[in-house]
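Have a look at the structure below before the remarks.
FYI, it's all coordinate maths here, none of it is from the lab. Please read all numbers here as calculations on a predicted model, not as lab measurements. In this analysis, Cβ positions are derived from the backbone assuming ideal geometry, glycine residues included, and neighbour counts consider all displayed protein chains.
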Amino acid sequence: MCAAYSLQMRSACNAESGEHMCGIIGYVGARKVLPILLGGLERLEYRGYDSAGVCVLQNGKIVWEKSPLSMTSGEKVKHFASTLNAKKFDGTTGIGHTRWATHGEPNRTNAHPHFSSDGKFALIHNGIIENYQELKKWLKKRGFRFRTDTDTEVLIHLIHKLYRGDLAKAVAGAMKRVEGSYAIGVISTHEPGRIVAARLMSPLIIGLGKGENFIASDSPAIIKFTRKVHYLEDGDFASLTADKISITRQGGKRVRRKTHTLTYDIAEAEKGGYPHFMLKEIYQQPEAIADTLAGRIKKNFAGVTFGRLGITDAWLKKCKKVVFVACGTAYHAGCVGRYFLRDVIGLDAQVEFASEFRYFPPELDKNSLVVAVSQSGETIDTLVAVREAKKLGAKVLAVCNVQASTITRESDATIYTHAGPEIGVASTKAYATQLAAIYLLGISLGELKGKIKPAARKRWLRELSEIPRLAQRTLEKTKLIKQCAQKYRDCTTFLYLGRGYNFATAYEGALKLKEISYIHAEGYGAGEMKHGPIALVQWTYPTMAVAPRGKMYPKMVSNIEEIKARNGIVLCVASENDRAIKALVDHVLPIPEVSEELSPLLAVIPLQLFAYHVAVVRGCSVDQPRNLAKSVTVE
Ligand code: F6R
């Protein structure tokens, strides 16, 4: 499965197997397909990178190659591509896959595509087949032999078994028997020049070309060739030839799906001169925040507009409770949102982990607004929480980066963050833009409810519109961060402390450090430190404190003093020109003066850069940290 990011451990799971976050691509047309597949897989590498494979239909045969990918090489698919004998592949229809497995060794056998025993059918899959064991038993009894440890293999045997001269019908028949999630692409020597695809709970798009068509998990894989796409809905089947696309539902009923035009720049999907996507994305933050704000702040700071939101102002005015729901970094954005709504507009606001929400939902009713925050719009826990919230009668507003993603389609309304594609597995610009969108939402709600007076609204909006410039200034003061990264590169553990609005910043900073540098880091509320973690403090356990000026500043200073009194080392994100902090701590990471409420937008930047530089000096794979993928489309 694919599309957002994950902390799933590849080897940890034994209850289920599957390809949870993978990238799939397929092409049918007149060009040689191999370079198209390999180029697409390179752009989909962020969805999974433990193994890859391609197969091509030619001369009545399926020619294929697959391989585990090197976990140490930075250019995984590229390296795989360089090992292929391109002359072997001259067909013009094919499918390719890059895998991220939670179970089952990432070896050549388990890599996709998977094949029928007669070699006439091939399939790529992103998802989990939950009833695969039952199906496997059933197929084995009927003489099918299994070669891999994957759940996916049942699909290709089922399709083979059900084939009666129509690949689309065989695929539909197979998927009828399947429980779980899937985005698949299937080809067969019986029907050269055709790809059949299907989707349920895993992203899949169709790219529309002239005399050629594509399937892909995500648009960067095909944008080089076409900007016109259909987003398949759950339960859709698609049959593609070079000249025709037909989309049907189970039972064969034809449906039409809207044609969307991809608007982002092709260069945005590339590194643009930076050594890593993550660094590029950190540096894109001023622009990305400006894009989130663009067109939404009325002239003279006269208010906020989201255009036609899909939830009316009248409803928002009456809304009594807001619950943010999200995972990982997006959850941290929700934490900031919760405080902003409580503190600035006095609204009943809370934040929930999406993975818990489904099992322990908060009290919701028709006056509740659930704000689902997600970069990818495909995170399964968040999606399931959206469904649960709707069942409970709440309205759902998505704050999302990916156009027409599943969460946006299932929500009542969406505020797009307009951050552009985020390729680095560690989320950076998506976080900043989620915060910006949440502040806009808060200001708008506050005004609708009469909780923010015009003068305050003007002040907030003016300050928010200054953030891109201030973020740029923050980025210019990074020399010291690199030095700190060098100095602390060999630490084995770090404590991140913050309070109030920057409680979440501390958590986010710790998450960034651990996910890309593999240094253990613990985010903690600074006020809670004396209730336990202070026992750990000594010179080998450095603290990263987040203490810009504001209401919580004196409290943070006291907490820092407690650490210094115990010989702890303190690095501190603080307001520039704060001499008192400078005298107290070991290193200051300065940010421009800004109101405490909006300070998370700036305070996170030095922490992103610190994590980045530590990871670089430690020789870590920054954009593709081990065991992670960009999308977590499995529970
Ligand atoms: C961390 C990170 C993740 C994601 C999380 C949710 O750097 O990127 O924690 O924030 O997996 O993903 P989305 O926002 O796509 O729902």
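Remarks
- Here the contact order of the chain, divided by its residue count and restricted to Cα pairs under 8 Å and six or more residues apart, works out to 14 percent.
- Under 5 Å, built H, 5+ apart or other chain: amide partners of residue 352: 324, 325, 326
- With the simple model of a label 7 Å out from the Cα in the direction of the Cβ, residue 451 to residue 359 spans 3.1 nm.
- On the beta carbon distance between residue 90 and residue 117, with R0 = 25 Å, the FRET formula returns roughly 0.45.
- Efficiency of FRET between residue 476 and residue 83 - r from beta-carbon atoms, R0 51 angstrom, step 0.05: 0.75
- Cα-centre dipole for segment 484-629 with unit charges at Cβ (Lys and Arg positive, Asp and Glu negative), debye to 20: 280 debye
- A full extension of the chain between residue 409 and residue 593 corresponds to an added length of 62.4 nm, given 0.36 nm per residue minus the alpha carbon distance.
- Partners for residue 479 among aspartates and glutamates (Cα-Cα distance below 15 Å; same-chain residues under 8 apart left out): 576
- Its Cα centre serving as origin, the chain has a Cβ charge dipole (Lys and Arg +1, Asp and Glu -1) of approximately 1280 debye.
- Modelled spin labels at residue 492 and residue 108, positioned 7 Å past Cα toward Cβ, are 3.9 nm from each other.
- For residue 212, no residue whose modelled amide H falls within less than 5 Å of its own remains once neighbours fewer than 5 places apart on the same chain are excluded.
- Computed extension gain for residue 270 through residue 246, at 0.36 nm per residue and net of the alpha carbon distance, reaches 5.5 nm.
- Cross-link partners of residue 244 among lysines, defined as those whose alpha carbon lies under 16 angstrom from its own and excluding same-chain residues fewer than eight positions apart: 210, 228, 258.
- With contacts taken as Cα pairs under 8 Å at a separation of at least 6 residues, segment 23-262 carries a relative contact order of 21 percent.
- Neighbour counts of C-beta atoms inside 10 Å place 331, 416 in the sequence 416, 331, starting with the fewest.
- Net +/- balance of residues flanking residue 308 in space, Cβ distance below 14 Å, scoring K and R +1, D and E -1: -1
- Taking 572, 620 and counting other C-beta atoms within 10 Å, the order from fewest to most: 620, 572
- Calculated from backbone phi, Karplus (6.51, -1.76, 1.60) coupling profile of segment 562-576 in Hz, x at Gly/Pro: 4, 6, 4, 5, 10, 6, x, 8, 10, 9, 9, 7, 9, 5, 4
- Above-threshold pairs, the threshold being 18 Å between Cα atoms, out of 477/582; 76/630; 271/429; 429/512; 298/395; 224/429: 298/395; 224/429
- Antiparallel %, DSSP beta bridges [both residues in segment 277-474], to 5: 5 percent
- Remark: segment 177-187, residue by residue, has Karplus-estimated 3J(HN,Hα) of 8, 9, 10, x, 10, 7, 10, 10, x, 10, 10 Hz, where x stands for each Gly or Pro and the curve is 6.51 cos²θ - 1.76 cosθ + 1.60 at θ = phi - 60°.
- Paramagnetic reach from residue 536 in segment 473-492 [backbone N under 11 Å; point 7 Å along Cα→Cβ]: 492
- Using the Cβ-Cβ distance between residue 166 and residue 483 with R0 set to 45 Å, the FRET efficiency from 1/(1 + (r/R0)^6) comes to roughly 0.10.
- Degrees between helix 454-476 axis and first principal axis of the chain (Cα, 0 to 90, nearest 10): 70 degrees
- Note on the chain: Cα-only Rg and Dmax are 25.1, 79 Å.
- Using a cutoff of 8 angstrom between alpha carbon atoms and counting only pairs six or more residues apart, the relative contact order for segment 479-617 works out to 31 percent.
- Footprinting exposure proxy for 231, 264 (fewest neighbouring C-beta atoms within 10 Å first): 264, 231
- For segment 313-326, Karplus couplings with θ = phi - 60° (6.51, -1.76, 1.60), whole Hz, Gly/Pro x: 4, 4, 5, 4, 4, 8, 4, 9, 8, 10, 10, 7, 9, 5
- Antiparallel content of DSSP bridges confined to the chain, in %, to 5: 60 percent
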